[in-house]
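Have a look at the structure below before the remarks.
Rule-based calculations on the coordinates, nothing more; no lab input. Not measured: the values here are computed from a predicted model. Here the Cβ positions follow ideal geometry from the backbone for every residue, glycine too, while neighbour counts run over all protein chains shown.
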Amino acid sequence: MASDKDLYGALLLLQVKLDTLDERRLGLATGLAGLAASGLSRAAKYAELLRSYSELQASREVLARSQKLRALGEMAAGVSHDLKNILNPLSLNLQFLRRLVPRDQKQAHESIDDMLSVLERGVQTIERLRTFSRLEPSGNVKVVDLSSLAHEAMEIVRPRTRMNSRIAFRLHEDLLVSVRAKVDPAEAVAAFVNLLVNAIDALEHGGNVRLATGVDDQTAWVRVSDDGPGMSKEIEARVFEPFFTTKGEQGTGLGLAMVYGFVQHHGGTILLETAPGKGATFTLRLPRA
Ligand SMILES: Nc1ncnc2c1ncn2[C@@H]1O[C@H](COP(=O)(O)OP(=O)(O)OP(=O)(O)O)[C@@H](O)[C@H]1O
Ligand SMILES: [Mg+2]
């Protein structure tokens, strides 16, 4: 028997002949046991070292990602503030102009309306960017039931699944009664809608979207998962960056940046679990009220 701190090993010797185990053999056996123990202990230490190294690596990646997102947030705050100051007066001036143009000038009215709707889209984009870059929650934070808000979000996205009747979507709700958290309800619904829309977008050939809520000791959680194509490591690492999209013209890449911002300034966390071919699961945790 040999030991090395908390690692114990026993060496069992089977003797074929019944002659006595002499000094020399016993010494050899003890030496062998010692060698085996130190070999095993080294292997265990090596495994432990590998484990701590990969944990360290993972937390370094998380830190680097959050620093990058913070830097992007600061930049986004500056840009959206300035853009808003440009777009708002532009919009007001266009509305003023429209009032001045006589009603029979149809073409002029049409082009003013086009410009106004482009501006409107721009202002919406800036609003989403601002949600990401804001460091604190908006003024409208109150105790709400996350399950009701999650259900509300599901009802908002439901019509999207009916747009193409050839694709079969199944939407599941597994909502705990009364999941209370202190959040801005409008921001929360917008965040859940973003996650649900992404899940539906990912399911190009149909599939399941699951929306669940629950509570742990300290946190209230909301989970959106789909059994779509999932993401590669490269995409997974960038999804929360503002303007990162794989949808080309169809996406602004601000949906998840906004969700990230929402969670950050309510003191929560967001976890993404995904792998290629394995779907995606987003879990938001918020402090319980
Ligand atoms: N459930 C999902 N399954 C697979 N990929 C996803 C999923 N959710 C997000 N992604 C990936 O993350 C990218 C970023 O998502 P995000 O919501 O920020 O922007 P978007 O959906 O592309 O555009 P927007 O939301 O502004 O319309 C997506 O383009 C997509 O590649
Ligand atoms: Mg999106």
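Go through segment 159-183 and give me each residue that's among the acidic types (Asp, Glu) and touching a helix residue (DSSP H, G or I) at 6+ places or on another chain (Cβ under 8 Å). It would help to see each step written out before you state the result.
Our first condition is that a residue be among the acidic types (Asp, Glu); within segment 159-183, this holds for 173-174.
The answer is Glu173, and nothing else.
Residue under question is Thr283, and the condition is that it be of a type in the set (Val, Ile, Thr) and over 22 Å from Gly214 (Cβ atoms); does it hold?
Details: of a type in the set (Val, Ile, Thr): yes; over 22 Å from Gly214 (Cβ atoms): no.
When the stated conditions are applied, Thr283 does not pass them.
With respect to Arg121, determine if the residue is among the basic types (Lys, Arg) and more than 30 Å from Val239 (Cβ to Cβ). Steps first, please.
Details: among the basic types (Lys, Arg): yes; more than 30 Å from Val239 (Cβ to Cβ): no.
Taking the combined requirement at face value, the residue does not satisfy it.
Do any residues in segment 56-79 that are touching a residue at least 24 places away in the same chain (Cβ under 8 Å) and surrounded by 10 or more Cβ atoms within 10 Å (Cβ to Cβ) have Cβ atoms under 7 Å from those of residues that are assigned to a helix (DSSP H, G or I) and hydrophobic (A, V, I, L, M, F, W, C), where the two are at least six apart or on different chains, and which pairs are they?
If the second residue must be assigned to a helix (DSSP H, G or I) and hydrophobic (A, V, I, L, M, F, W, C), the pairs left are Gly73/Phe132; Ala76/Leu129; Ala76/Phe132.
From the list Met258, Met231, which residue is touching a residue at least 24 places away in the same chain (Cβ under 8 Å), surrounded by 16 or more Cβ atoms within 10 Å (Cβ to Cβ) and part of a loop (DSSP other than H, G, I, E, B)?
Working: Met258 fails: part of a loop (DSSP other than H, G, I, E, B).
Answer to the selection: Met231.
Please go through segment 17-51 and give me each residue that is of a type in the set (Ser, Thr, Tyr) and surrounded by 10 or more Cβ atoms within 10 Å (Cβ to Cβ), ordered by number. Steps first, answer last, please.
So in segment 17-51, the residues of a type in the set (Ser, Thr, Tyr) come out as 20, 30, 38, 41, 46.
Thr30, Ser38, Ser41, Tyr46 - these are the residues of segment 17-51 that are of a type in the set (Ser, Thr, Tyr) and surrounded by 10 or more Cβ atoms within 10 Å (Cβ to Cβ).
Just to be sure I understand, how many residues within segment 213-236 are over 12 Å from Arg285 (Cα atoms) and more than 9 Å from ligand 1 (Cβ to nearest atom)?
Of the residues in that region, 4 qualify.
Answer yes or no: is there a residue in segment 163-174 that is of a type in the set (Phe, Trp, Tyr) and assigned to a helix (DSSP H, G or I).
Residues of segment 163-174 that are of a type in the set (Phe, Trp, Tyr), as a first pass: 169.
Next, from what is left, pick out any that are assigned to a helix (DSSP H, G or I): none.
No, segment 163-174 contains no residue that is of a type in the set (Phe, Trp, Tyr) and assigned to a helix (DSSP H, G or I).
Looking at Phe243 and the list (1) within 13 Å of ligand 2 (Cβ to nearest atom); (2) without any contact (Cβ under 8 Å) to a residue 40 or more places away in the chain; (3) at negative phi, which single condition is not satisfied?
Just one mismatch for Phe243, condition (3).
Being in a helix (DSSP H, G or I) and in contact (Cβ under 8 Å) with a residue 60 or more places away in the chain narrows it down to one residue among Ala108, Ala191, Ala181; which is it? Break it down into steps so the answer makes sense when it comes.
On the way: Ala108 fails: in contact (Cβ under 8 Å) with a residue 60 or more places away in the chain; Ala181 fails: in a helix (DSSP H, G or I).
The unique qualifying residue is Ala191.
If you scan segment 111-146, which residues turn out to be part of a helix (DSSP H, G or I), of a type in the set (Gly, Ala, Ser) and closer than 30 Å to Arg285 by Cα? Step through it out loud before you land on a result.
First, the residues of segment 111-146 that are part of a helix (DSSP H, G or I): 111-133, 146.
So of that shortlist, the ones also of a type in the set (Gly, Ala, Ser) come out as 111, 117, 122, 133.
The answer is Ser133, and nothing else.
For segment 194-228, what are the residues that are of a type in the set (S, T, N, Q), over 17 Å from Arg170 (Cα atoms) and in a strand (DSSP E or B)? Before the answer, list the steps.
Narrowing segment 194-228 to residues of a type in the set (S, T, N, Q): 194, 198, 208, 213, 218-219, 225.
Pick out the ones that are also over 17 Å from Arg170 (Cα atoms) and you get 194, 213, 218-219.
Once the filter is applied, which keeps residues that are of a type in the set (S, T, N, Q), over 17 Å from Arg170 (Cα atoms) and in a strand (DSSP E or B), segment 194-228 yields Thr213, Thr219.
Scan segment 201-228 residue by residue and report those that are surrounded by 22 or more Cβ atoms within 10 Å (Cβ to Cβ) and within 12 Å of ligand 2 (Cβ to nearest atom). Even if it seems obvious, please write down each step before you answer.
We begin by selecting, within segment 201-228, every residue surrounded by 22 or more Cβ atoms within 10 Å (Cβ to Cβ); these are 209, 211, 213, 220, 222, 224, 226, 228.
Listed by number, the list holds a single entry, Val224.
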